Amino acid sequence: MPKITEAELKKQIKNKNFSPVYLIYGSEQLFVKKYTEMLTKAVAGKHPSDFNYHIFSGVFELDDFAASLHMIPFMSEFNCVLATDIAFDEMDKSSIIRLIDIISAEHEGTVLIISMPSYIPVKNKTDYDKFLKQTEKIGTVCEFEKLNHSMLEKYIAKWANENGKMISRVNAARLISYCGDDLNMLHNEIDKISAYTKSEEITLEDIEKLATVTLETRVYALSDAVLKGEGQNAYNSLDLLFYQKEEPSHILRAMCDAYVDAYRIRVANECGVLPKDVASDFAYRNRAFALDKARRATVGVSTEALRQSLDVLMEAEMRLKTTSVNIRIYMEQIIARLLLVAREGKQ
């Protein structure tokens, strides 16, 4: 059967109308874990017995896996087999073919749940895609993709309400800009801030004090200060990143990403290409707000200055990979060069 939606999966769980095979996966790991747990409890019960509940994870023996699927339910309606984060990259082609054959066979009385909450195959991605298609033919597939900005704000408001608090959409958006779009992290942040604040509403001040700021956000602050010619703020941001023991290569990579965002949206504007098309062409998905952020940060800087800044950063990346340098001094020199380019490129 074709892929089903979250609502359809929820309905199947509620009605106990189970498919023989399930595959639950996607980049929104919180939902993958949540619905895997819900489905498993619905099939196996809250306190399943060892006779009717079998768990496999990572690398496992295919013979044992096949045998578990043929178990007859004992004093239970179903035999439940759960396989999580199957390590496809550790399997050879013959093993993957056999795995597909095993799940394709009929297993009367058994519900197989395959869940991929955190493992995404890279080396054997083609074989993994074949596995997905075959599972879709014989069972039920539900993919949880990243939520857009608007949906993230709604979930933040929902979690705040569950903690007896309120949060405005503006402040929810600010929390996302600081913490990123990972639902697990956002949920934890809301719980933490809700426990701290004594007022009924989560304020911007609460977020500023308590939110865990991602590396991307901190580096964007550094890049923003450079582009605005605020040298002291730029070096303060760099000091903080070193104090927090961030890897220089990660800092440099995040800075490159920030400048690439700025350059893409600038060239798109000059060519009359809409921001939504840029976001779509370069697969920004719910990171599309980064383009608008980059556009606003570079209003006063020429396109040529952005090109020169990218040259500086590319040269820096190459040098870090091939030459032994004093990292701290070298990063400060890079900031100085970027500040000079931004100042000379004011428009």
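At a glance:
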read-out: Greater than 20 Å apart at Cα, pairs in 10/130; 93/125; 16/46; 10/33; 41/130; value: 10/130; 41/130
read-out: Stretch gain in nm, segment residue 100-residue 247, where the contour uses 0.36 nm per residue and the Cα spacing is subtracted; value: 48.8 nm
read-out: Nearby aspartates and glutamates by direct alpha-carbon distance to residue 14 (threshold 17 angstrom, same-chain neighbours under 8 apart not counted); value: 6, 37, 77
read-out: Carbon + sulfur, % of accessible area of segment 96-235 - ligands and nucleic acids excluded, 1.4 Å; value: 52
read-out: Using a Förster distance of 45 Å, the FRET efficiency for residue 310-residue 77 (Cβ separation, nearest 0.05); value: 0.15
read-out: Close Lys-Lys pairs in segment 197-347, where close means Cα under 18 Å and separation is 8 or more or interchain; value: 4
read-out: Point-to-point label distance, residue 187-residue 296, nm (Cα→Cβ direction, 7 Å offset); value: 3.0
read-out: Anisotropy class of segment 202-347 from Cα gyration tensor, a/c 1.5 cut; value: oblate
read-out: Probe 1.4 Å, accessible area per residue of the chain, Å²; value: 53
read-out: Spin-label model distance (nm) - residue 61 vs residue 37, 7 Å beyond Cα toward Cβ; value: 3.1
read-out: Label of the coordinate-derived value, Cα Rg over 2.2 N^0.38 Å, listed as [x] 1.65; [y] 1.27; [z] 1.23; value: [z]
read-out: Modelled FRET efficiency - R0 35 Å, residue 47 with residue 150, Cβ distances, 0.05 increments; value: 0.35
read-out: Cα-centred dipole magnitude for segment 151-244, charges only on beta-carbon of K, R (+1) and D, E (-1), debye, nearest 20; value: 120
read-out: Separation in nanometres of the label points that stand 7 Å from Cα toward Cβ, at residue 277 and residue 27; value: 2.2
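The values are calculated or read from the model by the stated rules, or taken from the named source; none is laboratory data. Remember, it's a predicted structure, so these values are computed and weren't measured experimentally. Don't worry about glycine lacking a Cβ; one is built from the backbone with ideal geometry, like all the others, and counts go over all protein chains shown. Accessible surface areas use protein heavy atoms only, side chains included; no ligands, DNA or RNA. Shrake-Rupley method; radii C 1.70, N 1.55, O 1.52, S 1.80 Å.
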